[in-house]
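The values are calculated or read from the model by the stated rules, or taken from the named source; none is laboratory data. This is a predicted model, so every value here is computed, not measured. Cβ sites come from the backbone with ideal geometry, for glycine too, and all protein chains shown count toward neighbours. Remember, those area values only see protein heavy atoms, side chains included, never the ligands or the DNA or RNA. Shrake-Rupley method; radii C 1.70, N 1.55, O 1.52, S 1.80 Å.
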Amino acid sequence: MLVAALGVLSGLLLPALPAQASSSPTPSASSSAAAGDSSAIRATATCAQTDTTACVAGTLRDADTNPVRGATVTLAAGGTPVATKTSAEGTFSFTVTAAGRYTLSLDESTLPEGLTPGNGTERTITARLGALSPAGFALEGAQQGGETDPEATPQGDTSAFGRFWNQVSLGLLLGLLLALGAIGLSLVYGTTGLSNFAHAEQVTLGGFLGYVFAVQLGVPFVLAGVIVIVLCALTGTVQDRLIWQPLRRRGLGLTQLMVVTIGLQLALQYVYQFIFGGGVRPVSRTIQANTGPLNITPNAYIAMAISVVVLIGVGLLLQRTRIGRATRAVADNRPLAAASGIDVDRIIRLVWTIAAGLAGLAGLLYALVYGGIAWNTGAELLLLLFPAVTLGGFGTAFGALVGSLVIGLVTQLSSLVLTAQLRYASALLILIVVLIFRPQGILGRRSRVG
Amino acid sequence: MPGYRSTGRRLAALAMGATAAVALAACSSGGGTSPSASTGASSSSSASASAVSVKAVPKCESGADETTQLKLGAFIPLTGGLAFLGPAAVGGVDLALNDINEAGGVLGKDACVNLVDSSETSQAALSVANIKKQLQSKVSAIVGPESSGVTYNVLPTVNGAKTVLFSPAATDDGLTGVSPYFFRNPAPNSFEASALGSQIVADGRTKVAFLTFNDPYGTNLRDGMESVIKDSGSAEVVYGAKGKNQEFPSTETNFGSDVSAALATKPDAIVIIAFDQTKQIIPALVSAGWKMGNSYFVDGNLNDYSADLPEGTLTGVKGATQGVNPSPELRAKLAAAYKANGGSSEPTAYGYGAEAYDASTLIALAAEKGKSAASEDIRKNLPAVSGTTGGEICKSFSACKQLLDDGKEIQYQGYAGTGPFNSKRDISSGYISIYQYEGNAPSKFLTSTKESD
Amino acid sequence: MDFLATLFTDFGAQILSTVTAAFAIAAIGLNLHFGYTGLLNIGQAGFMLLGAYGFAITIRFGGPFWLGVLVAIVAAVIFALILGLPTLKLRGYYLAIVTIAAAEILRIVGGNQSLGPVTGGVAGIGNQVYSPAFTALSPFPQDGSFSLGPYTYPLTVGDSWYLRIVSWIVLALVAVLVLLLMRSPWGRTIRGIREDEDAVRSLGKNVYLYKMQALILGGVIGALGGMLFVLGTSVQPDSLGRSTTFLLYTIVLLGGAATVFGPVLGAVLYFMVIIGLQDVVGQFVPPEIMSQQQVPQFGYIVVGIGLMLLVIFRPQGILGNKKELSFGD
């Protein structure tokens, strides 16, 4: 009875003190406390604040983030302090009927052995009616016999070298995926002189077709991948047949053709929105754990391996085969190549087919490794693809690889020294600087600059 | 390019060629729309959607008098980066107008809708061109846009036309009191930040990392939570704090770097403040060994990810949303309204649908109270119907209209659970609900808190 | 008939719009680069953004209106020098890559949170911060509005008659300037550079210097366009990015490159087409075939394909002269 009386008394007195300090005194605060609640503070198992009550709650955890049970926590506001013990989940909570300041204290002696408070044992809490006022104590040390959960916080190497290595691996991954997209851009430029602004939309297409086949239609991923590459390559063939070859025959200038690709880019982006909407679409619903020396997912290793194999394959194709030599001949001097009996149109058709197929593969792998594809994924990548190709030296396959790796590494490593927001700006800046001092790119030939 | 001119000019083939890639892309994914319809939304809502009957809302005739008939403009993102939010908001406006018209309309006439695309910040010229078109057709008031950036871009135009612009989603702090014609009813970022920040501290988290996208919405929310966390005395922000410039660009497409940098700080909780990028951030976190149960979401990404992620990935994740996360019934109704008015598929996200509904209803009630649908009268009466005059609480247009007809003051409380406007035309108080994921859907209601300014 | 009346009223509103005038001005600047001199500048939006920043930031920190204009112009000159110095001696492609990269860098850095106190970060700078310096100079009363037929706008504040009149006067001045320049020996020289750089060089002209002058002048005009644009909207880095540059190209090519009034006509037509398409499709295509969300998307698909067809079949645009083909290789 006495306790209840004291409770009502404190409930009456309390608002007078803190109301000044509290930013939004609620008129109902004092009236509800005076309305006959047996106590202004109650320890409750869980807190469900209403318009007339406030909640003070928290959770005690040790340094391993395991809950601390059985510790005594006390809440007071002038009147009788109310104590409670933390639950098996480490939680404690009080429901109070008056807004204002409360003092929360932790009884250090009730903490399990080995735990010490990290930052004092008292907190001043401002309760607001209808709201949750959190209270916490950072505890140092781990509990005896508490299960340490190795997965609670990931174990990655956080040393300076570990961070550096991690960024290197991410840079290599991004670089190799970019290279798959960049090589087609570079080949098309090399053989036709066209800067294809719509090339990145071919990358997006690969991702979306992956979503259609692997997720919507449920085709096994590898098979879906093959279908996607074939379909994307076909779009290259058809595109050259229906658009680019006739335009070459009409004698359109290169600038004119470039603007045509800008139009195509715009149209394709909205076609993707028209069909797939504005959101991100996955190509796979599985998530793998990072593993191995590079600390990336198994799929990412496979993607890197595919990229390396394909890039070597394309390199060999260009260096060793008749078709490859013919392609290089067309790239070097088209009239001469035509004069020496090379079917230039056929070579260019082949280049478009390969470029679109590789771009589709790049989009599929990109969506697989980075968790999905959206209508503007390609458009954002274009800003990395052009620098990659230009850096490496336009028109060379190997240059596209080197340029892509440089861009991948620069964007990822720059996060170590620059702010994350500036990573793409840093890649573009590197591009400008390289162009000023070595306009032909890292591997390009001087003659192409003129 | 001499040497390539000689061949014949097949113009027809060329014209076909220009559209070929487009047609090809369209064909190759034939049927793409219909399966995607069922992705984001749970199957239960699509089942019940058919049971809800919502009629199409009439389109506004340009010649009609906007002062005697409620001609509601809807200025909502149909293209661009926020287009995925469009369907819920369109559904919200249409559903509200459907309910209003079933209750006899406004001023005795059926209310009508004029929908245009608000597009996105990077298409500023189009946003402005579209809202000019809308204003030229004389609307009574406009619901939209969703992006704070687009709001800034169209405000001079709307101010010039002296038309009410009522945003259901723009939350940038800088928009407070920016124009006498600008109202908004999403709970300010500070409310949500306070509620979610409190939850994080109360959960005993001590080292919090923020993965925030670089957008006013993202940084406002982060700043608010950060101050709650710092004030607690028991927790600190270990990654992504204000001024560290660790926010990622809103157009980012790969998150390995951000995730590894965040995890390197050994956080015991991660708050993801993003929109649809969340679908790409989650796999990166899980791959790196992060236990998703220690994560927190915000209203922008408190979605159902059942169609995107392996079963059970998100169990334990907590997230906050303004008002109440749309209930299955409201979701079904929003989807039905969107479809009844020419929507192609179901919304994949339901954020701000409730706010759009409430905004439309408040505008209609303001017109009823002022006995005029002219924008100036709506502007004058909006605060009163939101409850600034301490009226009787009512929860639907028909109930509120009944009270108005009886000459009483009202306080409309709709789906979003917001309080009256303050003097700067932001809402003065609102409820923030905390949900927990079960499986990949935020289906477990934990608690709701009342926040006020 | 009602539909047609609405359509034409909409068209009129777009023609009067400040945004149309601002884009026409920026497009005239781009036309000076691309149409007359043959410089492939894919970063014109960067000049606009710089003009907007220079103007708005100066006023934000208490500078007077005319100082803001001056800062915007000087910023554009410096930007043009930085872009031009290393690249104008190289083949056109390098200017293209460097301009698009530099414009993107500007956009990204401007949106950086740590620059918040200056640029406002991604949220940018609201119109209310800098427009009072502009409206204070208005000869019209600060309050009140004026109706001309179906068009009612305020006299001075916001999206006003005052802003419209100033925009169109600036546009007229810029157009006249370009007209006079193109009839001068200077204009003949830069057109000569576009046609045959080596021939001009053999006449003893410093081609590099001429190109630089054209780049600077077009850039400054772009900055003026950016300034007027943000007077009617707000300063946001993302609003003046790549999409804006591509839009300017569409405008120039639609009206006719290497013509004085091509960009003006192009800007007017572009906004009419994009609005008209939505009206027509929304009116005549039933929602079962195309949802309301898909209508604007379809509009942009048509714009993209239209740009392709235009460049292929009528590269000189509407006003252009086929003999003076604007596309140098």
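Residue-by-condition table, conditions (1) more than 10 Å from chain B (Cβ to nearest Cβ); (2) among the acidic types (Asp, Glu); (3) under 14 Å from C:Ile165 (Cα atoms):
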residue	(1), (2), (3)
C:Ala5	no, no, no
C:Asp10	no, yes, no
C:Leu16	no, no, yes
C:Ala21	yes, no, yes
C:Ala27	yes, no, no
C:Asn31	yes, no, no
C:Gly35	yes, no, no
C:Gly38	yes, no, no
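Can C:Arg194 be described as under 24 Å from B:Val154 (Cα atoms) and either open to solvent by 10 Å² or more (accessible area, probe 1.4 Å) or free of Cβ contacts under 8 Å to residues at least 12 places away in the same chain (or both)? Explain how you work it out, then say what you get.
Values: under 24 Å from B:Val154 (Cα atoms): no; either open to solvent by 10 Å² or more (accessible area, probe 1.4 Å) or free of Cβ contacts under 8 Å to residues at least 12 places away in the same chain (or both): yes.
When the stated conditions are applied, C:Arg194 does not pass them.
Take the range B:61-112 and flag every residue that is away from every other protein chain (no Cβ under 11 Å), assigned to a strand (DSSP E or B) and open to solvent by less than 10 Å² (accessible area, probe 1.4 Å).
If the condition is that a residue be away from every other protein chain (no Cβ under 11 Å), assigned to a strand (DSSP E or B) and open to solvent by less than 10 Å² (accessible area, probe 1.4 Å), then B:Lys71, B:Leu72, B:Gly73, B:Phe75, B:Val106, B:Cys112 are the ones that fit.
Quick one: which residue in A:Leu217, A:Leu223, A:Leu139 is within 13 Å of chain B (Cβ to nearest Cβ) and modelled with pLDDT of 90 or more? Walk me through how you get there before you give the answer.
Details: A:Leu223 fails: within 13 Å of chain B (Cβ to nearest Cβ); A:Leu139 fails: modelled with pLDDT of 90 or more.
The match here is A:Leu217.
Tell me, yes or no, whether the range A:277-295 has at least one residue that is part of a helix (DSSP H, G or I) and not acidic (Asp, Glu). If you could, list the steps in order and put the result at the bottom.
Filtering the range A:277-295 for residues part of a helix (DSSP H, G or I) gives none.
No, there is no match, as no residue in the range A:277-295 is part of a helix (DSSP H, G or I) and not acidic (Asp, Glu).
Among the residues that make up the range A:388-406, is at least one of them assigned by TED's automatic domain parsing to the domain that holds A:Val203, open to solvent by less than 10 Å² (accessible area, probe 1.4 Å) and more than 21 Å from A:Ala355 (Cβ to Cβ)? If you could, list the steps in order and put the result at the bottom.
Residues of the range A:388-406 that are assigned by TED's automatic domain parsing to the domain that holds A:Val203, as a first pass: A:388-406.
Adding the requirement that they be open to solvent by less than 10 Å² (accessible area, probe 1.4 Å) leaves A:388-393, A:399-400, A:403-404.
Subsequent filtering for residues that are more than 21 Å from A:Ala355 (Cβ to Cβ) retains none.
Looking through the range A:388-406, none of the residues is assigned by TED's automatic domain parsing to the domain that holds A:Val203, open to solvent by less than 10 Å² (accessible area, probe 1.4 Å) and more than 21 Å from A:Ala355 (Cβ to Cβ).
How many residues are among the hydrophobic types (A, V, I, L, M, F, W, C), in a helix (DSSP H, G or I) and open to solvent by less than 10 Å² (accessible area, probe 1.4 Å) if we restrict to the range B:133-154? Break it down stepwise before answering.
Taking the range B:133-154 first, the residues among the hydrophobic types (A, V, I, L, M, F, W, C) are B:135, B:139, B:141-143, B:150, B:154.
If we keep only those that are in a helix (DSSP H, G or I) too, we end up with B:135, B:150, B:154.
Filter once more, so that each one left must be open to solvent by less than 10 Å² (accessible area, probe 1.4 Å): B:150, B:154.
Here the count works out to 2.
Is it the case that some residue within the range B:184-199 is part of a loop (DSSP other than H, G, I, E, B), over 23 Å from B:Gly149 (Cα atoms) and not assigned by TED's automatic domain parsing to the domain that holds B:Gly86? Show your work before the answer.
In the first step, residues of the range B:184-199 are kept if they are part of a loop (DSSP other than H, G, I, E, B); the result is B:185-188.
Add one more test, that the residue is over 23 Å from B:Gly149 (Cα atoms), and what stays is none.
The answer is no; no qualifying residue exists.
With respect to A:Ala5, is the statement that it is assigned to a helix (DSSP H, G or I), touching a helix residue (DSSP H, G or I) at 6+ places or on another chain (Cβ under 7 Å) and at pLDDT below 85 true? Reasoning before the result, please.
Working: assigned to a helix (DSSP H, G or I): yes; touching a helix residue (DSSP H, G or I) at 6+ places or on another chain (Cβ under 7 Å): no; at pLDDT below 85: yes.
Against the criterion (assigned to a helix (DSSP H, G or I), touching a helix residue (DSSP H, G or I) at 6+ places or on another chain (Cβ under 7 Å) and at pLDDT below 85), A:Ala5 does not qualify.
So which residues in the range A:266-285 are more than 7 Å from every other protein chain (Cβ to nearest Cβ) and open to solvent by less than 10 Å² (accessible area, probe 1.4 Å)?
A:Tyr272, A:Val283
Does C:Thr9 satisfy being touching a residue at least 12 places away in the same chain (Cβ under 8 Å) and over 30 Å from C:Ile190 (Cβ atoms)?
Values: touching a residue at least 12 places away in the same chain (Cβ under 8 Å): yes; over 30 Å from C:Ile190 (Cβ atoms): yes.
In short, yes.
A quick yes/no check of all residues on (1) touching a Ser or Thr at 6+ places or on another chain (Cβ under 8 Å); (2) open to solvent by 20 Å² or more (accessible area, probe 1.4 Å); (3) among the hydroxyl-bearing types (Ser, Thr, Tyr):
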residue	(1), (2), (3)
C:Thr245	no, no, yes
C:Val264	no, yes, no
C:Ala267	yes, no, no
C:Phe284	no, yes, no
C:Pro287	no, yes, no
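Do you know which residues across the range A:116-131 are open to solvent by 40 Å² or more (accessible area, probe 1.4 Å), under 13 Å from A:Thr103 (Cα atoms) and either of a type in the set (A, V, I, L, M, F, W, C) or part of a strand (DSSP E or B) (or both)?
Hits for the range A:116-131 are A:Glu122, A:Thr124, A:Thr126.
Can you name the residue in the range B:113-132 that is among the charged types (D, E, K, R) and in contact with a Leu (Cβ under 8 Å, 6 or more places away or on another chain) and, of all such residues, is surrounded by the fewest Cβ atoms within 10 Å (Cβ to Cβ)? Reasoning before the result, please.
Initial filter on the range B:113-132 (among the charged types (D, E, K, R)): B:117, B:120, B:132.
Keeping just the survivors that are in contact with a Leu (Cβ under 8 Å, 6 or more places away or on another chain) gives B:117, B:120.
Working: B:Asp117: 31, B:Glu120: 24.
Result: B:Glu120.
Being more than 14 Å from every other protein chain (Cβ to nearest Cβ) and crowded, with 18+ Cβ neighbours inside 10 Å: is that true of C:Ile251 here?
Numbers: more than 14 Å from every other protein chain (Cβ to nearest Cβ): no; crowded, with 18+ Cβ neighbours inside 10 Å: yes.
The answer is no for C:Ile251.
In this structure, does A:Trp352 turn out to be open to solvent by less than 20 Å² (accessible area, probe 1.4 Å) and not in a helix (DSSP H, G or I)?
Numbers: open to solvent by less than 20 Å² (accessible area, probe 1.4 Å): yes; not in a helix (DSSP H, G or I): no.
So A:Trp352 fails the test.
Any chance the range C:101-124 includes a residue that's of a type in the set (D, E, K, R), over 30 Å from B:Ala161 (Cα atoms), at the interface with chain B (Cβ under 10 Å from one of its Cβ atoms) and open to solvent by less than 50 Å² (accessible area, probe 1.4 Å)? Walk me through how you get there before you give the answer.
Applying the first criterion (of a type in the set (D, E, K, R)) to the range C:101-124 yields C:104, C:107.
From the residues that got through so far, the ones that are over 30 Å from B:Ala161 (Cα atoms) too are C:104, C:107.
Filter again for at the interface with chain B (Cβ under 10 Å from one of its Cβ atoms), leaving C:107.
Subset that is open to solvent by less than 50 Å² (accessible area, probe 1.4 Å): C:107.
Yes, because at least one residue in the range C:101-124 is of a type in the set (D, E, K, R), over 30 Å from B:Ala161 (Cα atoms), at the interface with chain B (Cβ under 10 Å from one of its Cβ atoms) and open to solvent by less than 50 Å² (accessible area, probe 1.4 Å).
Quick one: would you say A:Ile342 is more than 14 Å from chain C (Cβ to nearest Cβ) and assigned to a helix (DSSP H, G or I)? Outline the logic, then answer.
On the way: more than 14 Å from chain C (Cβ to nearest Cβ): yes; assigned to a helix (DSSP H, G or I): no.
So A:Ile342 fails the test.
Consider only pairs whose beta carbons are under 8 Å apart and that are at least six residues apart or on different chains; among these, list those whose first residue lies in the range B:122-144 and is within 22 Å of B:Glu368 (Cα to Cα) and at the interface with chain C (Cβ under 7 Å from one of its Cβ atoms) and whose second residue is open to solvent by less than 10 Å² (accessible area, probe 1.4 Å) and assigned to a helix (DSSP H, G or I).
Pairs that qualify, where the first residue is within 22 Å of B:Glu368 (Cα to Cα) and at the interface with chain C (Cβ under 7 Å from one of its Cβ atoms) and the partner is open to solvent by less than 10 Å² (accessible area, probe 1.4 Å) and assigned to a helix (DSSP H, G or I), are B:Ser137/C:Asp10.
Among what's in the range C:267-313 and is more than 11 Å from chain A (Cβ to nearest Cβ), of a type outside the set (A, V, I, L, M) and without any contact (Cβ under 8 Å) to a residue 12 or more places away in the chain, pick the residue that is farthest from B:Gln134 (Cα to Cα).
Of the range C:267-313, the ones more than 11 Å from chain A (Cβ to nearest Cβ) are C:267-289, C:292.
Adding the requirement that they be of a type outside the set (A, V, I, L, M) leaves C:270-271, C:276, C:278-279, C:282-284, C:286-288, C:292.
Of the ones still in play, those that are also without any contact (Cβ under 8 Å) to a residue 12 or more places away in the chain are C:284, C:286-288, C:292.
Values: C:Phe284: 18, C:Pro286: 21, C:Pro287: 20, C:Glu288: 24, C:Gln292: 15 Å.
The residue in question is C:Glu288.
So, in the range A:290-345, exactly how many residues are among the hydroxyl-bearing types (Ser, Thr, Tyr), over 21 Å from A:Leu187 (Cβ atoms), out of contact with any Pro (no Cβ under 7 Å at 6 or more places or on another chain) and open to solvent by 50 Å² or more (accessible area, probe 1.4 Å)? First the steps, then the outcome.
Here is the first cut: in the range A:290-345, the ones among the hydroxyl-bearing types (Ser, Thr, Tyr) are A:291, A:297, A:301, A:307, A:321, A:327, A:340.
Keeping just the survivors that are over 21 Å from A:Leu187 (Cβ atoms) gives A:291, A:297, A:301.
Narrowing further to those that are out of contact with any Pro (no Cβ under 7 Å at 6 or more places or on another chain): A:297, A:301.
Next, from what is left, pick out any that are open to solvent by 50 Å² or more (accessible area, probe 1.4 Å): A:301.
Of the residues in the range A:290-345, 1 are among the hydroxyl-bearing types (Ser, Thr, Tyr), over 21 Å from A:Leu187 (Cβ atoms), out of contact with any Pro (no Cβ under 7 Å at 6 or more places or on another chain) and open to solvent by 50 Å² or more (accessible area, probe 1.4 Å).
Which of the residues belonging to the range A:166-197 are in contact with a strand residue (DSSP E or B) (Cβ under 9 Å, 6 or more places away or on another chain) and of a type in the set (Gly, Ala, Ser)?
A:Ser169
On the phi < 0 side of the Ramachandran plot, in a loop (DSSP other than H, G, I, E, B) and more than 14 Å from chain A (Cβ to nearest Cβ): is that true of B:Gly351 in this structure?
Values: on the phi < 0 side of the Ramachandran plot: yes; in a loop (DSSP other than H, G, I, E, B): yes; more than 14 Å from chain A (Cβ to nearest Cβ): no.
Considered against the rule, which asks whether it is on the phi < 0 side of the Ramachandran plot, in a loop (DSSP other than H, G, I, E, B) and more than 14 Å from chain A (Cβ to nearest Cβ), B:Gly351 comes out as no.
Condition first: touching a residue at least 40 places away in the same chain (Cβ under 8 Å), surrounded by fewer than 22 Cβ atoms within 10 Å (Cβ to Cβ) and among the polar types (S, T, N, Q). Now tell me which residues in the range A:206-249 satisfy that.
Answer for the range A:206-249, where residues must be touching a residue at least 40 places away in the same chain (Cβ under 8 Å), surrounded by fewer than 22 Cβ atoms within 10 Å (Cβ to Cβ) and among the polar types (S, T, N, Q): A:Thr237, A:Gln245.
How many residues does the range C:136-161 contain that are touching a helix residue (DSSP H, G or I) at 6+ places or on another chain (Cβ under 7 Å) and either among the small types (Gly, Ala, Ser) or within 11 Å of another protein chain (Cβ to nearest Cβ) (or both)?
Within the range C:136-161, residues that are touching a helix residue (DSSP H, G or I) at 6+ places or on another chain (Cβ under 7 Å) and either among the small types (Gly, Ala, Ser) or within 11 Å of another protein chain (Cβ to nearest Cβ) (or both) number 11.
Condition first: crowded, with 20+ Cβ neighbours inside 10 Å, part of a loop (DSSP other than H, G, I, E, B) and either touching an Asp or Glu at 6+ places or on another chain (Cβ under 9 Å) or more than 12 Å from every other protein chain (Cβ to nearest Cβ) (or both). Now tell me which residues in the range B:287-322 satisfy that.
B:Trp290, B:Val298, B:Leu302, B:Asn303, B:Asp304, B:Leu314, B:Val317, listed by residue number.
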